[in-house]
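A quick write-up on the structure given underneath.
The values are calculated or read from the model by the stated rules, or taken from the named source; none is laboratory data. Since the model is a prediction, treat every value here as computed from it, not as a measurement. Glycine gets a Cβ as well: all are built from the backbone with ideal geometry, and neighbour counts include every protein chain shown. With ligands, DNA and RNA removed, areas are computed over all heavy atoms of the protein, side chains included. Shrake-Rupley method; radii C 1.70, N 1.55, O 1.52, S 1.80 Å.
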Amino acid sequence: MSFNTFGKLFRFTTWGESHGPAIGCVVDGCPPNINLSEKDIQIELNKRKPGQSKFVTQRKEKDQVEILSGVFEGKTTGAPISMIIFNEDTRSRDYETIKNKFRPGHADFTYFKKYGIRDYRGGGRQSARETASRVAAGAIAKTVLIKLLGKKFNITGGITQIGPLMINQAHWNDREIRKNHFFCPDKETVPVWEQYLLDIRKAGNSCGAIIELRARGVPVGLGAPIYSKLDQDIASGLMSINAVKGVNIGAGMNAASLTGDTNSDQIRTKNGKIQFQSNHAGGILGGISTGQEIVVSFAVKPTSSILKSRDTIDTKGKNTKISVHGRHDPCVGIRAVPIGEAMLACILLDHLMMHKAQCEN
């Protein structure tokens, strides 16, 4: 299997399967002399780990990371940083009865047809378990970005929609996001989502979500105007996350319903500082960052593993039925928030390093 590496100058390669002994990643291109500890990485992993509430999978994983290389006396050396996370709560027996059936909505069918072999235990390599490795890489990227750009830089992710239920964007409050199980920036929406997800789970069903990411303190000039546009690479990175089916940059798809005078972000100078009067572009123009807040969102489809009986075929091509038992998220989008933050951090650091290499500012 090829293409397990992401990035250009700041690169990471992930490895491992859902029910294997461990998962991990190797980060290449990290600048030297950056203060880094396992605690820095663990903070981000703890946001994603399963079993933290009744609204996510009940698989219990500590997701305890161990750094194997690339750090000496608390600082990065410039060498590859290898990290490992051991799997502890695998229940492969849950998949024995359906190992010869293709789960609708999953990559079982396409994976088997492409490679002629499939690890049916939790989806193997195609499982979202792989994304813990991305979060570990993203934690390093965040640490480096804060070192290079200062504490004014930060990435905040929040869920703006679960199923058909949207937040009131006017109520967005960063401080509310870590106070609930949904990464919800609007506290008034939390009890509504709680009841909705309880009903969804009771019905043996699932739902999707939309996650919004905001990156502040990003300098002007990141990205190239043709084949490595910043928004192009952001879209690519977010689309690589399991179950993601759409990405918006700024107004995104909604820009099609706007007029030119509404969509274009007017610019003025005030007290010697350049100011944009709006941000429909999401902080990126012509593939290059404007210095504004970068705003992106992505849609996560409903979890495909559900209790409801579904039509499918087996590995012999025969018609059959399937109902997926075991431990699954009623809304996989909830735990996608730290994954999206991690991917955005890796992309921004990659582009910052490329920018500095070419433009020296």
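If a/c stays under 1.5 just call it rounded; otherwise compare a/b with b/c (prolate if a/b is bigger, oblate if not). Do that for region 225-269, with a ≥ b ≥ c from the square roots of the Cα gyration tensor eigenvalues.
oblate
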Completion exercise
proj_area_mean for region 319-361 (convex hull on C-alpha atoms), units nm², value 5.9
Completion exercise
Hits for the chain under the membrane-span-like helix rule (DSSP H, Cα axial span at least 15 Å, Kyte-Doolittle mean at least -0.5) are 131-149, 190-202, 336-359
Problem - More than 18 Å apart - percent of Cα-Cα pairs taken over region 228-361 - result: 67
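Is region 139-293 rounded, prolate or oblate when judged by the Cα gyration tensor, a ≥ b ≥ c being the square roots of its eigenvalues, rounded requiring a/c under 1.5 and prolate requiring a/b larger than b/c? Write out the running numbers ahead of the final one.
Working: a/c = 1.73, a/b = 1.63, b/c = 1.06.
Prolate is the answer for region 139-293, as a/c is 1.5 or above and a/b outweighs b/c.
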Exercise for the section: Could you state the orientation-averaged shadow area of the convex hull built on the Cα atoms of region 1-141, in nm² to one decimal? Expected result: 9.2
Exercise for the section: Only helical DSSP H runs with n ≥ 4 go in: add -39500 (n - 2.57) per run for the chain, normalise by residue count and round the 222 nm mean residue ellipticity to 500 deg cm²/dmol. Expected result: -8000 deg cm²/dmol
Handout entry: Å² per residue, accessible surface of region 232-288 at 1.4 Å
Key = 61
Problem - Note, ³J(HN,Hα) from phi for region 300-312, Karplus 6.51, -1.76, 1.60, rounded to Hz, x at Gly and Pro - result: 10, 6, x, 4, 7, 7, 10, 6, 4, 5, 10, 6, 7
Handout entry: Rh (Kirkwood; distinct C-alpha pairs) - the chain, Å
Key = 21.5
Practice task
Please give the solvent-accessible surface of Ser236 in Å², to the nearest 10, using a probe radius of 1.4 Å with every protein chain present.
Solution key: 70
Problem - P(r), alpha carbons of region 176-249 - 5 Å bins starting at zero, rounded % - result: 3, 11, 16, 17, 18, 14, 9, 6, 4, 2
Exercise for the section: Along Cα→Cβ, 7 Å out, is where each label goes; now give me the distance between the ones at Ser240 and Lys114 in nm to one decimal. Expected result: 1.3
Practice task
Please work out how much length the chain gains when fully extended from Asn254 to Val220, using 0.36 nm per residue of separation minus the C-alpha to C-alpha distance, in nm with one decimal.
Solution key: 9.8 nm
Problem - Estimated distance in nm for a label pair at Thr269 and Gln195, the labels positioned 7 Å out from Cα along Cα-to-Cβ - result: 5.5
Handout entry: Those residues of region 1-26 whose amide nitrogen sits under 20 Å from the label point placed on Lys147, 7 Å along Cα→Cβ
Key = 7-13, 25-26
Fill in the blank from the handout: Here the FRET efficiency for His171 versus Gln64, based on Cβ atoms and R0 = 30 Å and rounded to 0.05, is 0.25
Handout entry: Surface share of carbon and sulfur [accessible, 1.4 angstrom probe, percent] for the chain
Key = 53
Handout entry: Karplus 3J(HN,Hα) series, Hz, for region 208-213 with 6.51 cos²θ - 1.76 cosθ + 1.60 (x for Gly, Pro)
Key = x, 7, 10, 10, 10, 10
Handout entry: Among Ala136, Ala79, Ala215, residue whose mean-square fluctuation peaks in a GNM of the chain (springs only between Cα atoms under 10 Å)
Key = Ala79
Handout entry: Amide H contacts of Val332 (H built 1.01 Å from N, under 5 Å, at least 5 apart or other chain)
Key = Cys207, Thr303
Practice task
Mind telling me which of Lys245, Lys229, Lys142 comes out most flexible in a GNM of the chain, alpha-carbon contacts under 10 Å?
Solution key: Lys245
Completion exercise
Whole-Hz Karplus couplings 3J(HN,Hα) for region 317-325, θ = phi - 60° and coefficients 6.51, -1.76, 1.60, Gly and Pro as x, run x, 8, 5, 7, 10, 8, 9, 9, 9
Completion exercise
Expressed in square angstrom to the nearest 10, the accessible area of Thr269 with a 1.4 Å probe stands at 100
Fill in the blank from the handout: The answer for Leu285, listing residues at least 5 apart or on another chain whose modeled amide H is closer than 5 Å to its amide H, is Thr290
Problem - Shape parameters for region 100-196, alpha-carbon atoms, Rg then Dmax in Å - result: 18.9, 52
Fill in the blank from the handout: When every protein chain stays in place and a 1.4 Å probe is rolled, Met354, Met343, Met239 sorted by accessible area with the largest first are Met239, Met354, Met343
Handout entry: Most fluctuating residue given options Ser309, Ser127, Ser323, as computed from a GNM of the chain linking Cα atoms under 10 Å
Key = Ser309
